[in-house]
Structure formats: structure tokens, C-alpha cells
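In what follows, a structure is listed as C-alpha cells, so that the remarks can point back to it.
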Amino acid sequence: MLMASYPAQSLFPGFFRRIIAATIDFILIALVWFSVGLELDFLPNFGENSITFVALDVSKFLIVFLVFIIYFTLLEATLGWTLGKLIFQEEVVTLRGRRPTLLQALIRNLFKPVDMLLLLAPLLMSPKTQTLGDRYAKTLVINRDAGVPGIIVEDRYIFTFKKIIGIILLLVSLAGLGIGFSVMKTYLPEIRSANQAAHAHFMRLEKGIAINQNVQAAYENASSQLRSQMTLEEYQQRIQENPILPTALERRREIEFNQWTFTEQEGQQVAAVVKGNLDSLFEIEVNLAKEQNQWKFVSGNFTPTAQ
């Protein structure tokens, strides 16, 4: 079967048509996203001299990703289109104009997150307006009334307007990914260290309470800020007067931290607030200070979860 050529189309009508068609499909996926309780607050939130991270619920995220893959893959492999593509009279075909196989549809959709991270730059830089997924799956998205494009020879050294826009988007996306990688490289170790410091303090408390209410180890390993505010006796009395703490410490290994706020001074992390929960029983907030490059306990609260 020979590939038929078709008249060149302008860049932006076709490009925007694909963007809007994809937006319609992603609205459907967004409905699933919010229906399982996911939000967009997992992205870093920058405040004045602070930055907050919220953990993404991975199990729910995998459900949405699975729905995403099934929706696009099955519809494109069986019908050649999704709802958005149907509205704009577009369909997915192979380079020979046939309907893609299940494997081809799966490959092109597995690459969709990568194409989105690259701001669809590969689509604009391709002679046949192919995404990375299309290239590896050997597929195209065409107007249902148009033929499959023939072999397009394009000098890779000629910078067309379309290619220039694609290069700009690629550079912007790479810059954004670089910034994101730098932020995570800086803060992921801090998140782990803050978690370890909080867990270590609770561990010392648990052991101290078990050994005749001796919490000296926890006190001595706390921050200088805490020790300047209260003596060992005052600290121990505070522990004894907390009716919730013994119950919480019995299950401290089940504590899950899910939010971290770091405060900076002169480019250095100096304080952290770590929040989490213990099953559905307690909400936890731990304040930490950084001393001699180590996170130290300042204060913490276990509060019953509002029912």
C-alpha cells in the first residue's frame, strides 16, 4: 500500500485542534483524578522565605494513570479516536493508514507524560507533526477527511517558524525540568532527614517512658531552643501530663508524614514543620530546628483527628 500525499496544512489550526481535542480528553481524566480524592497541592508551594511540599498519594495516582492508559489505548486501538479526536474529526493511524495495533496504541500513550513535560515540543519539531509516542509507535494523527502524508523530506538544518517555536518550547521545558530537579535534589535529603529526626525523638520518648519515665535521652538530643525554654524536669512533666502521648507512641511506627515546610535564612534551611497522621486516630505536627547540620526536635503535638 502506497502512502498518499496531501496538501500542506497551516501549523496553528492543526496544532490547536490537537491541543483542544486532548484538553477534552484530559477533562475526563481530571474528573477521575478528583473523584478519587487527589488534588494539585503536591506541587512545591513557595512562600516568603519558605517552601512547602505535600506528598502525592501514590496508590490513587496509579489508579488515575491506569485509567488514563486504558482510556486512550483501547479507544485508539479499536476505534482510532477518543472523544476529543472524534469531535475534531481526527484519528490515529499507522504510517500506512491503518488502525494502530493494541501495542502501538499502548506505546504512543506511555510516552504522553514525557511529551507533556516537554510542552509538546517534539510535535512541532516533527515534519509530520508527530509526538515522541507517535515516532516510537510509528503512528500519526490525521484529519479523517485527509489522506496519510507521504514521505516528507525536511532539511534538519533549516529553521522553519514551526521548528523555531518547537525549539523554544523544548528549551523552556528543559529549563523547568532542570529547576525542578535542582529543587528536589536539594529538598529530598532534607525531607528524609527531618523524618528521621522526628521518628528518632519519638523512639527515645517511647524507650524513656518504658524505662521508669526516664526521658533524659530525648531531652538531651532535642534542640538547644527547647532546652533553653524548659528544664529536664519541666520537659518530663509536660510529657507526663499529655494523656494522648502514650497511646500514640505505642503505634509510632505507623506514623506517616505527608507535609513538610522548610524556612530559610540566607539560603540555608533553619527550621522545618513536619505534619502527618497516625492512621485515622491522630494528626501530628513536629517543629524542628537545624543545628550543626542536623535536624533537632523543638516541639510536637499529637491531636485527635476530628471525626
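Residues that are outside any loop (DSSP other than H, G, I, E, B) and in contact with a helix residue (DSSP H, G or I) (Cβ under 9 Å, 6 or more places away or on another chain) were ranked within region 213-227; the one that is farthest from residue 293 (Cα to Cα) is 216. Just one of the listed residues (262, 302, 297) is open to solvent by less than 30 Å² (accessible area, probe 1.4 Å) and farther than 22 Å from residue 231 by Cα, and it is 262. Based on this model, can you work out whether residue 136 counts as open to solvent by 30 Å² or more (accessible area, probe 1.4 Å), of a type in the set (Ser, Thr, Tyr) and at pLDDT 90 or above? When the stated conditions are applied, residue 136 passes them. Exactly one residue among 285, 250 is within 17 Å of residue 52 (Cβ to Cβ), charged (D, E, K, R) and open to solvent by 60 Å² or more (accessible area, probe 1.4 Å), and that residue is 285. Scanning region 10-42 for residues that are within 28 Å of residue 166 (Cβ to Cβ), assigned to a loop (DSSP other than H, G, I, E, B) and more than 13 Å from the chain's Cα centre (by Cα) returns a single hit, 10. Scan region 265-282 for residues that are exposed (fewer than 13 other Cβ atoms within 10 Å of the Cβ), over 23 Å from residue 227 (Cα atoms) and touching a residue at least 24 places away in the same chain (Cβ under 8 Å) and the total you get is 2. For region 219-247, the tally of residues that are in contact with a Lys or Arg (Cβ under 8 Å, 6 or more places away or on another chain), small (Gly, Ala, Ser) and surrounded by fewer than 16 Cβ atoms within 10 Å (Cβ to Cβ) stands at 1. Considering only residues in region 43-65 that are closer than 20 Å to residue 269 by Cβ and part of a loop (DSSP other than H, G, I, E, B), the one that is most open to solvent (accessible area, probe 1.4 Å) turns out to be 48. I want to confirm something. Restricting to region 70-117 and keeping residues that are of a type in the set (Phe, Trp, Tyr) and within 25 Å of the chain's Cα centre (by Cα), which single residue is surrounded by the most Cβ atoms within 10 Å (Cβ to Cβ)? So, considering only residues that are of a type in the set (Phe, Trp, Tyr) and within 25 Å of the chain's Cα centre (by Cα), the one surrounded by the most Cβ atoms within 10 Å (Cβ to Cβ) is 72.
Table: residues versus (1) within 27 Å of residue 82 (Cα to Cα); (2) at pLDDT 95 or above.
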site: 127; (1), (2): yes, no
site: 140; (1), (2): yes, no
site: 160; (1), (2): no, no
site: 164; (1), (2): no, no
site: 171; (1), (2): no, yes
site: 186; (1), (2): no, no
site: 191; (1), (2): no, yes
site: 204; (1), (2): no, no
site: 235; (1), (2): no, no
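Close contacts from region 182-194, counting a first residue that is without any contact (Cβ under 8 Å) to a residue 24 or more places away in the chain and a second that is aromatic (Phe, Trp, Tyr), with Cβ to Cβ under 6 Å and a gap of 6+ residues or different chains, come to none at all.
The values are calculated or read from the model by the stated rules, or taken from the named source; none is laboratory data. Here the structure is a predicted model, which means the values were calculated and not measured. Glycine gets a Cβ as well: all are built from the backbone with ideal geometry, and neighbour counts include every protein chain shown. Accessible surface areas use protein heavy atoms only, side chains included; no ligands, DNA or RNA. Shrake-Rupley method; radii C 1.70, N 1.55, O 1.52, S 1.80 Å.
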